[in-house]
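Notes for the one structure printed next.
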């Protein structure tokens, strides 16, 4: 999964805005300006 990939986290759709070498990603909720989360990539699934 790379930047701009759409993913699903806790039942909501997000977009990856940055991926760290540690396996953590900054994700932003789709259609939201401020809802940014830091989560491990293993917690994400690809959004269909």
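The values are calculated or read from the model by the stated rules, or taken from the named source; none is laboratory data. Model, not experiment: these values are computed from the prediction. All Cβ positions, glycine included, derive from the backbone under ideal geometry; neighbour counts span all protein chains shown.
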If you take the residues in segment 7-27 that are touching a helix residue (DSSP H, G or I) at 6+ places or on another chain (Cβ under 8 Å) and in contact (Cβ under 8 Å) with a residue 24 or more places away in the chain, which one is surrounded by the fewest Cβ atoms within 10 Å (Cβ to Cβ)? 9
Being in contact with a strand residue (DSSP E or B) (Cβ under 7 Å, 6 or more places away or on another chain) and under 14 Å from residue 43 (Cα atoms) is the filter here; which residues of segment 7-22 pass it? 7, 8, 9, 12, 13, 14, 15, 16, 19
Matching entry among 35, 4 (being at negative phi, at pLDDT below 95, surrounded by fewer than 14 Cβ atoms within 10 Å (Cβ to Cβ) and touching a strand residue (DSSP E or B) at 6+ places or on another chain (Cβ under 9 Å)): 35
Take the conditions surrounded by fewer than 14 Cβ atoms within 10 Å (Cβ to Cβ), touching a residue at least 12 places away in the same chain (Cβ under 8 Å) and in contact with a strand residue (DSSP E or B) (Cβ under 9 Å, 6 or more places away or on another chain) and apply them to residue 30. Does it pass? yes
